Each structure stands twice: as structure tokens, then as C-alpha cells.
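S.K.: The structure's right below; bear with me while I get my questions together.
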Amino acid sequence: MVTTQTKLRLNRKTLSSGLLDAVGNTPLLPLARLGAGPPAGVRLFAKAEWFNPGGSVKDRPAANIIRRALADGQLGNGKILLDSTSGNMGISYATLGASLGIRVALAIPASASPERLKILAALGAELHRSDALEGTDGALLLARRLLEQNPERYFFADQYNNPANWQAHYQSTGPEIWRQTAGAVTHFVAGLGTTGTMMGAGRYLREHNPAIQLIGVQPDGPFHGLEGLKHLRTSILPGIYDSELADEVLGISSEEAYEMTKRIAREEGLFVGVSSGAAAVAAQRVAKDLEVGIVVTVFPDTGYKYLSQTFWGFEK
């Protein structure tokens with residue numbers, strides 16, 4: 001017999017697990033209408049990463065980086081977690097940090113969407129804005145300067161070079177995709193920013209089936225409107241990036257991504273961000289060249305942080 005006291009103990013145990021344990025196990029959704037263009041034997045799926053507590057795929061590496069830093073003593077004793085971000089990783093740090101009592105300081109491009117800046121401020125993050133024209137590279141350089149100026153104050157999470165980033169996807173995203181497709185996935189498509197999703201999930205999937213094709217997605221030029229993605233040839237390369245892993249890297253224009261983002265909302269009922277639009281364009285491009293296959297991509301976040309962008313066509 002379960003007494004009231006026992007129920008209270010169980011509830012306390014459940015509640016004490018915290019947000020870290022709520023990260024991952026996101027749904028794999030079929031893209032029925034977008035997948036209607038490819039041959040009938042090809043199916044498209046997307047991981048719905050906005051189901052994570054911080055609202056994006058970045059919760060996975062943020063949680064793993066924080067866990068590791070707490071375990072080895074790098075984070076604690078009043079140290080502030082410091083990193084650069086284009087928005088989503090910062091929101092993940094701030095969300096998980098707030099739940100654990102960890103202060104967070106972020107270097108972020110001044111061009112980040114106002115929605116992201118307001119969310120970060122609401123979560124209590126300390127914001128240092130870098131030159132908008134320098135993009136994510138400028139934010140990274142600013143974070144490094146902040147660390148140099150006061151090394152005792154910060155734990156530098158360094159998402160672009162921290163192996164806990166890609167390992168989070170090796171330990172969670174890859175296994176989830178393998179399980180959710182019953183091992184039938186034939187192509188994996190992922191955006192390249194820090195490159196952690198491709199490096200981690202891609203490695204896991206390749207180990208389980210060497211025939212799986214891995215396709216990276218990047219903007220088609222250095223000046224673009226795809227927050228979170230890098231044009232790798234003209235950017236500071238992440239230390240975790242292995243250029244030999246992906247079979248192909250597709251360049252997607254901002255305009256293609258914007259149009260697809262609207263299509264996903266209006267044809268699939270999924271209100272996603274522009275990096276999801278870019279991933280969907282690439283996934284469709286891959287699918288059209290196949291006769292049979294299961295193409296899986298990752299939709300990193302929702303569209304709420306992009307509502308101020310003009311591509312939606314809202315009247316001011």
C-alpha cells in the first residue's frame with residue numbers, strides 16, 4: 001500500500017532530478033507534406049529539439065558541459081560560466097544555470113534577435129555584446145578577452161572546442177535517432193555551427209551502420225541570416241570539427257531557408273527557426289536524389305525567437 005508519506009518521498013525524488021535530467025528524448029516527427037516531393041520510397045523525419053527544457057538542441061551540450069565541469073571541480077566556488085553564443089546555447093546555459101544556482105556570462109553579437117536578448121536578460125544572464133559585423137567569431141574573441149582579463153572569475157565553457165559538446169550528441173541524439181528509426185535511417189542531415197550535432201550523432205550512426213550518409217548544412221556564403229550556422233571556410237573552425245566525417249556539406253541560401261521556414265509552419269504545422277528551414281531545404285535536396293531511404297534531420301528550435309525578422313511578411 002502506497003501511503004501519503006511514501007508519495008511525498010517519491011515526489012521529492014522526482015522533483016530533485018532537476019532540469020538536467022529533462023534534456024533529450026525529443027520526438028522524431030514525420031514531415032509528411034514536405035516529404036511528398038521525393039519518391040514514394042523516401043521518408044523525411046525531423047528531431048523536434050524545442051521539446052528540451054531550454055527550447056533548443058543546445059540543451060544537450062550545455063547540460064553535458066555543466067555536468068562535466070561540476071564533476072571535475074572546474075565550475076563551483078562562485079565561478080561564473082562564460083562562453084560565446086549566437087543565442088540558443090546561451091539560453092541553454094542560462095536556463096540550466098538558473099536551476100542550479102550557477103551564474104552565467106555570455107559574449108553575444110549585437111545583431112542577435114531582440115527576442116533572444118530579452119530571453120537571456122529574463123533568465124538573469126550577464127550579457128557582453130560584440131560587434132554585429134564580426135558575427136559569432138567576434139563573440140568568441142570577446143569571450144576570450146574577458147577570460148584573459150579575469151581568469152579567476154570564470155569557467156570558460158568553450159563550446160567550440162569542448163569535447164563534451166559533441167559527446168553529448170554521441171551519447172543522446174545519435175542513439176535516439178537509431179532507436180526511433182529502428183536502425184533504418186539511411187541519411188543524417190545536420191546544420192554546422194559548433195558542429196557538435198554532426199560530430200557526435202554522426203559518429204554514433206556511422207559506427208552502427210558504416211553505409212549511413214552524413215550531410216552537413218552551412219550557409220552558402222559568409223554574409224547570411226542563418227543564426228547558429230557557420231560558413232566554415234571563412235570562419236574560425238571549431239576545434240571539435242572533423243572535416244573528414246561528413247560525406248557532403250551543402251550550402252543553403254538565407255532566402256531558401258526563410259521560404260522553407262514559412263512552408264514548414266504552414267504545411268506541417270511546425271513553427272520552427274531559420275536553421276530548421278535550412279536543414280529542411282538540405283534534407284529535401286538529398287531526398288530527391290534517392291529512390292528509397294529514411295532521411296533524418298534536426299530542427300534545432302522554434303520560431304518564437306525570430307518573429308522580429310522581416311521574412312515573415314508581418315506588417316509593422
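The values are calculated or read from the model by the stated rules, or taken from the named source; none is laboratory data. Predicted model, so just to flag it, every value in this text is computed and none were measured. As a convention, Cβ positions derive from the backbone with ideal geometry for all residues, glycine included, and neighbour counts pool all protein chains shown.
S.K.: Go through region 192-212 and give me each residue that's in contact with a Leu (Cβ under 9 Å, 6 or more places away or on another chain), among the hydrophobic types (A, V, I, L, M, F, W, C) and outside any helix (DSSP H, G or I).
M.R.: Once the filter is applied, which keeps residues that are in contact with a Leu (Cβ under 9 Å, 6 or more places away or on another chain), among the hydrophobic types (A, V, I, L, M, F, W, C) and outside any helix (DSSP H, G or I), region 192-212 yields L192, I212.
S.K.: Given the structure, is G87 among the small types (G, A, S) and without any contact (Cβ under 8 Å) to a residue 60 or more places away in the chain?
M.R.: Criteria not met by G87.
S.K.: For region 69-103, which positions are within 17 Å of the chain's Cα centre (by Cα), farther than 15 Å from L123 by Cα and of a type in the set (G, A, S)?
M.R.: Correct list: S84, S86.
S.K.: Where the second residue is in a strand (DSSP E or B) and not charged (D, E, K, R) and the first is free of Cβ contacts under 8 Å to residues at least 40 places away in the same chain and over 15 Å from I294 (Cβ atoms) and lies in region 186-198, which pairs have Cβ atoms under 9 Å and are six or more apart or on separate chains?
M.R.: Short answer, once both residue conditions are applied: none.
S.K.: Kindly evaluate L44 against the criterion of being surrounded by 21 or more Cβ atoms within 10 Å (Cβ to Cβ), in the same structural domain as M260 (by TED's automatic domain parsing) and in contact with a Gly (Cβ under 7 Å, 6 or more places away or on another chain).
M.R.: yes
S.K.: Are any residues in region 213-231 part of a loop (DSSP other than H, G, I, E, B) and touching a strand residue (DSSP E or B) at 6+ places or on another chain (Cβ under 6 Å), and if so, which ones? Give the derivation first.
M.R.: We begin by selecting, within region 213-231, every residue part of a loop (DSSP other than H, G, I, E, B); these are 220-231.
Result: D220, L226, L229, H231.
S.K.: Based on this model, can you work out whether V272 counts as touching a residue at least 12 places away in the same chain (Cβ under 8 Å), among the aliphatic types (A, V, I, L, M) and buried (at least 22 other Cβ atoms within 10 Å of the Cβ)?
M.R.: Working: touching a residue at least 12 places away in the same chain (Cβ under 8 Å): yes; among the aliphatic types (A, V, I, L, M): yes; buried (at least 22 other Cβ atoms within 10 Å of the Cβ): yes.
When the stated conditions are applied, V272 passes them.
S.K.: Tally the residues that are surrounded by fewer than 21 Cβ atoms within 10 Å (Cβ to Cβ) and not small (G, A, S), restricting the search to region 47-79.
M.R.: Start the filter on region 47-79 by keeping residues that are surrounded by fewer than 21 Cβ atoms within 10 Å (Cβ to Cβ), which leaves 48, 51, 53, 67-74, 76-79.
Adding the requirement that they be not small (G, A, S) leaves 51, 53, 67-68, 70, 72, 74, 77, 79.
The qualifying residues number 9.
S.K.: Got a sec? Which of L245, L232, L307 is closer than 25 Å to N165 by Cβ and surrounded by fewer than 17 Cβ atoms within 10 Å (Cβ to Cβ)?
M.R.: L245
S.K.: Given the condition surrounded by 16 or more Cβ atoms within 10 Å (Cβ to Cβ), out of contact with any strand residue (DSSP E or B) (no Cβ under 6 Å at 6 or more places or on another chain) and free of Cβ contacts under 8 Å to residues at least 40 places away in the same chain, answer yes or no: does some residue in region 22-33 qualify?
M.R.: Yes, region 22-33 contains at least one residue that is surrounded by 16 or more Cβ atoms within 10 Å (Cβ to Cβ), out of contact with any strand residue (DSSP E or B) (no Cβ under 6 Å at 6 or more places or on another chain) and free of Cβ contacts under 8 Å to residues at least 40 places away in the same chain.
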